[in-house]
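Data first, discussion second: the structure below is written as structure tokens.
The values are calculated or read from the model by the stated rules, or taken from the named source; none is laboratory data. Just so we're clear, the structure is a prediction, and the values are computed from it rather than from any experiment. Positions of Cβ are backbone-derived with ideal geometry, glycine not excepted, and every protein chain shown enters the neighbour counts. Ligands, DNA and RNA are stripped out before the accessible areas are found, and what is left, the full protein with its side chains, is counted by its heavy atoms. Shrake-Rupley method; radii C 1.70, N 1.55, O 1.52, S 1.80 Å.
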Amino acid sequence: MSLYAEHLGASGMREPEQSAPPVYTQSSVCDSNSAKSITRIAPSPTGALHLGNVRTFFINWALARKHGWDIVLRIEDLDTPRVKPGVIDQTIETLAWIGLDWDSGPIIQSNDLPNHHAAMVQLASSRRVYPCSLSRTQIQLASNAPNEGDHEIRFDPALRPSEIPHAFTDKQTNWRFVVTDDPIHFEDRFLGSQSFCPAHTVGDFVVWTQRRCPSYQLAVVVDDHHQSITQIIRGNDLLDSTARQIQLWDALDFGPLPHYTHLPLVRGADGRRLAKRHGDTRIEHYRSKGTSREHIIGLIAYWSGISSTRQPISPSEFLDAFNLDTLPKDDVIFTKEDDQWLTN
Ligand code: GLU
């Protein structure tokens, strides 16, 4: 039986602790008839859509249409230094071209800043955030663990100021969230039980940036709450972010959590997440070569356990055939043959 048909009720809670355990209840409203389930397709317009993120959005769309959830299209444009002019329109046009539709939006994330600001005021009033102007090098030096490459560095809670203010005043500085020490347990609807401990992995993470806007973590939590999102479908590279977002959701007293479904990623032959280094895998690139959307969806179907060979299929055929229970659990490797299928 599909997980979506089950009543998950109060699954996804922290494991019982000795005293007054905080309980994270994943929303049960979406399994009842009384309230609408809502999901979001949330592209970041930092680069054109490629086969990897389009596969995630396509599966998100198919799950929503199969189960009767509403879809909000949300453009996550707060990553401002990387948002390129014209990419928002291009992103929306590409999603429509490939066959996706949505029930509301596009909502442009940066238009909603008062909600994020109010969340910061609330977090500050309970002393869960503080300004921090330490540089990356200073944080790194204070950390015992080696931090390599562009991985997020752990902010040791020992670096917290001794006095945490209770007002959100200085908007031109980074603000960090006071993480709790406990691991966060949640039930993923594709991967099953998950457990992450933000205090050990990232420590006090940034929620407000010196660019005077919320970080990705805060923006997503506030938007998901205000848009009444009950189903979050996204790539498994965000699994550990989910634990951070659950802590924020709880600190903001936002009530029942959404359900989470984290999907396998598409990777290059070197095992790294699909990116420019693997050649041009943008949908625009294939379109300019005359590739049909049915060929692209055919490849997504082949990667998703729908067909054993690559063959063109339409959005509605994909929708009829898609089944989360038979989606392969492993990440997908994008091969030369895949590229040839799209370009020949
Ligand atoms: N904006 C992210 C992306 O384009 C998705 C973030 C999320 O789903 O929380 O992959």
Percent accessible area from carbon and sulfur atoms, region 45-202, protein chains only, probe 1.4 Å: 51 percent
Residues with amide H under 5 Å from that of HIS50, placed H, sequence gap 5 or more: ILE283
Positive-pole candidate from PRO312, ILE139, GLN122, dipole of the chain, charges at beta carbon: ILE139
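So if we plug the beta-carbon distance of SER133 and ASP89 into 1/(1 + (r/R0)^6) with R0 = 30 Å, what FRET efficiency do we get, rounded to 0.05?
0.25
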Amide hydrogen neighbours beyond the local backbone of LEU73, cut-off 5 Å, H modeled: ILE41, ASP103, SER104, GLY105, ILE107
Local net charge near TRP69, Cβ-Cβ under 11 Å (Lys/Arg +1, Asp/Glu -1): +2
Value of [θ]222 nm, deg cm²/dmol, for the chain, DSSP H segments ≥ 4, -39500 (n - 2.57) each, nearest 500: -9500 deg cm²/dmol
Check: the chain dipole with +1 on Lys, Arg Cβ and -1 on Asp, Glu Cβ, in debye: 760 debye
Under Karplus coefficients 6.51, -1.76 and 1.60, residue-wise ³J(HN,Hα) of region 162-178 in Hz, glycine/proline x: 6, 9, 9, x, 10, 9, 8, 10, 8, 7, 9, 10, 5, 10, 10, 9, 7
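Rounded, prolate or oblate, given the Cα gyration tensor of region 185-239, with a/c below 1.5 counting as rounded? Kindly include the intermediate steps, with their values, before the conclusion.
Details: a/c = 2.54, a/b = 1.28, b/c = 1.98.
It comes out oblate by the Cα gyration axes.
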Amide H contacts of ILE184 (H built 1.01 Å from N, under 5 Å, at least 5 apart or other chain): PHE196, CYS197
Spin-label model distance (nm) - SER126 vs THR343, 7 Å beyond Cα toward Cβ: 5.3 nm
Cα-projected label distance for GLN210 with THR173, points at 7 Å along beta-carbon direction, nm: 1.1 nm
Estimated vicinal HN-Hα couplings, Hz - region 50-59 in sequence order (Karplus 6.51, -1.76, 1.60; Gly, Pro = x): 10, 4, x, 6, 5, 4, 4, 5, 5, 5
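How would region 210-259 be classified by its alpha-carbon gyration tensor: rounded, prolate or oblate, with rounded meaning a/c under 1.5 and the a/b versus b/c comparison settling the rest?
oblate
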Net charge, VAL206 excluded, C-beta distance under 12 Å - Lys, Arg +1, Asp, Glu -1: +2
Additional length obtainable on full extension of the chain from ASP156 to THR335, 0.36 nm per residue less Cα span: 60.4 nm
Accessible surface, the chain, averaged per residue in Å² (probe 1.4 Å): 45 Å²
Rounded to 5, the percent of DSSP beta bridges in region 179-323 classed as antiparallel: 55 percent
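Output the direction-averaged projected area (hull surface divided by four) of the convex hull of the alpha-carbon atoms of the chain, in nm². Could you put the intermediate results ahead of the total?
Numbers: hull surface 73.0 nm².
With the hull built on Cα positions only, its mean projection is 18.3 nm².
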From phi via Karplus (6.51, -1.76, 1.60), per-residue ³J(HN,Hα) for region 211-228 in Hz, x at Gly/Pro: 7, 6, 8, x, 6, 3, 4, 6, 4, 5, 5, 5, 5, 4, 5, 5, 8, 6
Antiparallel bridges, percent of DSSP beta bridges restricted to the chain (to nearest 5): 45 percent
Cut-off 20 Å (backbone N to label point 7 Å along Cα→Cβ of ASP101), residues of region 309-344: 313-322
Partners for LYS84 among aspartates and glutamates (Cα-Cα distance below 20 Å; same-chain residues under 8 apart left out): GLU76, GLU93, ASP112, ASP280, GLU284
